[in-house]
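This report refers to the structure that appears directly beneath it.
The values are calculated or read from the model by the stated rules, or taken from the named source; none is laboratory data. The structure presented is a predicted model; accordingly, all values stated were derived computationally and were not measured. Counting neighbours? That spans all protein chains shown, and the Cβs are built from the backbone with ideal geometry, glycine included.
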Amino acid sequence: MDAGLIEGTAAHRTPVMHIKGARLHNLKNVSLTIPKQKLVVVTGLSGSGKSTLALDTLHRESHRQYMEAWGVATAGVSRPSVDSITGLSPSVSIDQRPAGRGPRSTVGTATEVFTYLRLLWSRIGVRPCPGCGMEIPPSYAHDPEGDEEGEAGVEPGAETGAAGEGATCPHCSAPVPQLLMGSFSFNKPAGACPSCTGLGEVIRVDVRTLVDEELSVAAGAVRGWPRQLVERNLPLLRAAARHYGLTFDTDAPLAELAPSSRDLLLHGVESPEFRRHLPALGIEPPATVSAGRFEGVVTAFMRRYADRVDDTAYRQRAERSMVKETCGACAGTRLRAESRAVTVHGLGITAASRLPLDELADWVAELRAFSTGDEWRFAEPVVADLEERVRRLVDTGVGYLTLDQSSTSLSAGESQRLRLAALLGSGLTGMLYVLDEPTIGLHPADTARLIDVLRRLRDLGNTVVVIEHDLDVLWAADHVVDIGPGAGRDGGRVVAQGTPEEVAATEGSVTGAYLSGRLQHPSRKQRPDTHAELVIRGARAHNLRDVTVRIPLGRLVTVTGPSGSGKSTLILDVLGRVAHQRLDPTGELSAAAKPPGEHDGIDGWEHLDKVVTIDQEPISRLPRSNAATYADVFTPVRELFAAQEAARSSGLTPAAFSFNVPGGRCERCEGAGVLAVHMHFLPPVEVRCPGCRGRRFRGEVLAVRYDGYDIAQVLAATVDEALTVFRDVRQIAARLQRLSDVGLGYLPLGQPATTISGGEAQRLKLAKELGRRATGRTLYLLDEPTTGLHAADTARLLDVLQRLVDAGHSVVTIEHNLDVMRASDWIVDLGPEGGAGGGRVVAEGTPEQVAEAAGALDGTGSRTGGFLREGVRAMR
């Protein structure tokens, strides 16, 4: 029989991939067969080796073989630690790293849907004549036969808005510029708002951070001026004022200065803000600084900010004095006025970009009925592709997003689903697709639609390998591979594989136990009612519809609902921001936070002393930061190593055991352990440093050991492994135990912060917070804390949250996980849909009460309740 086929009848043999002897990271010489052209789920406890098998072994080897087949040098690209993999297909991976993080990237540009909108508007858009104001039909100001971006087929100036030859208004004969695709792009001069250059926002300096209005210049009103600079600038300000026939009172508080003096101080003699105060005849600025050529506090600040573009630390400090505001000229739409005035059947392109994708899909589908024959001839090819692209996005569960939404605002799961929709549209067959937890952030109601997308990708003739914990996805799989039985050193083996039913029946498989129902999470605790509560009144931010919500205190409260229903807006943008203003007014988060979302008020603060928001923002954007440094574990570890006899005899201090400073680190790679190899036409590839062989430190540092471990081995150890090593060192063991308690026992201590997922970052923050001294009744706000967790790990995290509540604190989580909902004391369910169809409270109460709210025939009932009902009945 062919080694690449699963045995069966001659006509129905299934092609397969054979993995033999995979040993990367914690994999224990794994050998297995994966059927091709199937939906395959790789599951197991967090840290068991799922990603190592699917991404670091299967996908990486496919990528290496593909490069080799094209004749691209692969000498510097390390091969995964595996004996062989046969039957591989070209591979594409979709991981959890967000894509398109530039300020000009939006959902529309990242998916290319906005490109199709621009093409449609340039072909059949109607606009008012700049001369007479009458509507100009598309045929008079469009060039459907030419290059719509303005690169060819039109006059050279067309892309910047110049008129094409022969375009005139049919009513008044005024010249009319041709409409090209570039006219509707905020990334091109022809379409971008000139005030904000297409960003939709303008940056200004918050003057209050630079000057003190209550002080005079002589008394030190300018915060950044030392006394010597004050004495130097006083005569310059007086000289500048004299040059223009004005006076400047350097002893008057800034709040009492004349407008001309104030603008002179802040903006300088050459600024339009100051020159508006001058006579109509105008006066030339002073020729020299000594004569009064004063630059202005704000102007000098912005010049230094622009000049020091490579000084990240300086720019981060400077940005604390800046605020972003919506551009007044374009109202945040990014486009110039002429482009915004163009409509297709009464809808401007900015209005179309603000429709939720599911509503945009319906609008595009209706275009055929509204279009005339000539219009439809130009529009039909565009509309067909546009409708298909938008529908694919809706099918992946992001129908609540809008095209104008910035890519920086997307979660990792949303970014992943946008890329998944693009794959579905590629039409490729015979591919290997590897997806890393695509259900992240999805409500159970949205998961079913995602499963349909995965099956469609499979049905095109592709192999779809999904790393997943969601039980619905596991039951939908053709083949399941369960890695375990534990995490870290206790994982790395194939515990079970086969159909979902076969895995469910496998003894010794934790996943199988949850699939079969042999293991279940405990039901919610019974707690006495304290009657203390927070009440959010009249919340109207984003899509919230004047909602009033009760949040019992001293409880575990879960806020849930379909994706885009308003959960994060309610808890983070309204409640969280107000809480930090009230309970943590001097905190770093409060200082940097945006204003709270619109609402009438929040009552009940007298029951709380402190607020802690634990979100999924990265713990650091620097690759040299890692789990150990963030959790305050690495400093005592370095001190412990420096106290060893071998270190003392060699004169090694704690600094020698740091890879961030010279002394003990390998200087060839500067302690990174890897070197970047730049590839032609491909992203750089990291290869192991030949100087230290990836161990980051010099030999004499690595010679120092504690309990048989050197410092490099400690960084490579998981949290649970390190717990064993440092079990007798109380300070270190306590911090490691908290990391293990929140489900991070599998995480390597030295894992770079840039590779830590949002869910892992959140649990790191939670563990760090648990180590702080209790200072009163605390409100904890968590954003999907179970992200990336297996059902068994979720049970451990729930135990930690329940302990916080038992200690008298209040925990509010944004969650889709049904196990968390069932264990909650109170549920607030928003919906009934996402986007414009959400923003209402459809149910609130205990899990049993929300379950009873399911099934309303008018579509206003709780979708969450339907999923809860079966589980609640099972627990009774």
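Tabulated data
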read-out	value
Any hit, region 293-300, residues being assigned by TED's automatic domain parsing to the domain that holds residue 238, surrounded by fewer than 13 Cβ atoms within 10 Å (Cβ to Cβ) and of a type in the set (S, T, N, Q)	no
Test: residue in region 606-622 that is part of a helix (DSSP H, G or I) and either modelled with pLDDT of 95 or more or assigned by TED's automatic domain parsing to the domain that holds residue 783 (or both)	yes
Residue list for region 190-209, filter: within 24 Å of residue 266 (Cα to Cα) and among the hydrophobic types (A, V, I, L, M, F, W, C)	196, 202, 203, 205, 207
Selection count where residues are touching a Pro at 6+ places or on another chain (Cβ under 7 Å) and either of a type in the set (A, V, I, L, M, F, W, C) or not assigned by TED's automatic domain parsing to the domain that holds residue 209 (or both), scope region 252-292	1
Enumeration of residues in region 817-835 that are in contact with a Lys or Arg (Cβ under 9 Å, 6 or more places away or on another chain) and either within 22 Å of residue 394 (Cα to Cα) or not aliphatic (A, V, I, L, M) (or both)	822, 824, 825, 826, 829, 830, 831, 832, 833
Residue within region 740-752 that is surrounded by 20 or more Cβ atoms within 10 Å (Cβ to Cβ) and charged (D, E, K, R) present	no
Test: residue in region 329-346 that is basic (Lys, Arg) and over 18 Å from residue 138 (Cα atoms)	yes
Residues located in region 403-449, provided they are small (Gly, Ala, Ser) and under 21 Å from residue 112 (Cβ atoms)	406, 407, 409, 411, 412, 413, 415, 421, 422, 425, 426, 427
Region 243-281 - residue that is of a type in the set (Ser, Thr, Tyr) and over 18 Å from residue 205 (Cα atoms) and, of those, surrounded by the fewest Cβ atoms within 10 Å (Cβ to Cβ)	247
Residue in region 618-632 that is under 30 Å from residue 836 (Cα atoms) and not small (Gly, Ala, Ser) present	yes
Test: residue 244 is under 40 Å from the mean Cα position of the chain (by Cα) and not basic (Lys, Arg)	no
Sole exception among (1) among the hydroxyl-bearing types (Ser, Thr, Tyr); (2) in a helix (DSSP H, G or I); (3) buried (at least 18 other Cβ atoms within 10 Å of the Cβ) for residue 787, by number	(2)
Pairs where the first residue, in region 526-537, is on the phi < 0 side of the Ramachandran plot and the second is of a type in the set (Gly, Ala, Ser), C-beta under 8 Å, 6+ apart	527/554; 530/554; 532/554; 532/604; 533/604; 534/604; 535/604; 537/601
Region 304-343, subset acidic (Asp, Glu) and over 27 Å from the mean Cα position of the chain (by Cα), residue surrounded by the most Cβ atoms within 10 Å (Cβ to Cβ)	338
Selected residue (criterion: farthest from residue 121 (Cα to Cα)) from residues of region 349-371 that are more than 29 Å from the chain's Cα centre (by Cα) and not in a helix (DSSP H, G or I)	366
Which numbered condition residue 333 fails, given (1) touching a helix residue (DSSP H, G or I) at 6+ places or on another chain (Cβ under 6 Å); (2) at pLDDT below 90; (3) assigned to a loop (DSSP other than H, G, I, E, B)	(2)
Failed item in (1) within 15 Å of residue 644 (Cα to Cα); (2) surrounded by fewer than 17 Cβ atoms within 10 Å (Cβ to Cβ), with residue 704 passing the rest	(2)
Residue in region 745-760 that is in contact with a Phe, Trp or Tyr (Cβ under 8 Å, 6 or more places away or on another chain) and over 22 Å from residue 616 (Cβ atoms) present	no
Residue within region 746-765 that is under 30 Å from residue 624 (Cβ atoms), at pLDDT 90 or above, in contact with a helix residue (DSSP H, G or I) (Cβ under 7 Å, 6 or more places away or on another chain) and among the aromatic types (Phe, Trp, Tyr) present	no
Residue 542, sole failed condition from (1) more than 27 Å from the chain's Cα centre (by Cα); (2) part of a loop (DSSP other than H, G, I, E, B)	(1)
Residues of region 746-766 satisfying the condition of being in contact (Cβ under 8 Å) with a residue 60 or more places away in the chain and under 22 Å from residue 577 (Cα atoms)	758, 759, 761, 762, 764, 765, 766
Output for region 393-406, where each listed residue is crowded, with 22+ Cβ neighbours inside 10 Å and either of a type in the set (Gly, Ala, Ser) or assigned to a helix (DSSP H, G or I) (or both)	393, 396, 397, 398, 399
Looking only at region 336-346, and only at residues there that are in contact with a helix residue (DSSP H, G or I) (Cβ under 7 Å, 6 or more places away or on another chain), not hydroxyl-bearing (Ser, Thr, Tyr) and not in a loop (DSSP other than H, G, I, E, B), the one that is modelled with the lowest pLDDT	344
Residue count for region 834-876, restricted to those that are at pLDDT 85 or above and either outside any helix (DSSP H, G or I) or not assigned by TED's automatic domain parsing to the domain that holds residue 563 (or both)	9
Any chance residue 548 is of a type in the set (S, T, N, Q), part of a helix (DSSP H, G or I) and within 30 Å of residue 805 (Cα to Cα)	no
Selection within region 213-246 - among the acidic types (Asp, Glu) and touching a Pro at 6+ places or on another chain (Cβ under 9 Å)	213, 214
Any chance residue 629 is under 24 Å from residue 312 (Cα atoms) and among the hydroxyl-bearing types (Ser, Thr, Tyr)	yes
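Residue-wise test of (1) of a type outside the set (Asp, Glu); (2) modelled with pLDDT of 95 or more; (3) part of a helix (DSSP H, G or I).
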site: 37; (1), (2), (3): yes, yes, no
site: 54; (1), (2), (3): yes, yes, yes
site: 58; (1), (2), (3): yes, yes, yes
site: 61; (1), (2), (3): no, no, yes
site: 64; (1), (2), (3): yes, no, yes
site: 68; (1), (2), (3): no, no, yes
site: 74; (1), (2), (3): yes, no, no
site: 92; (1), (2), (3): yes, no, no
site: 96; (1), (2), (3): yes, no, no
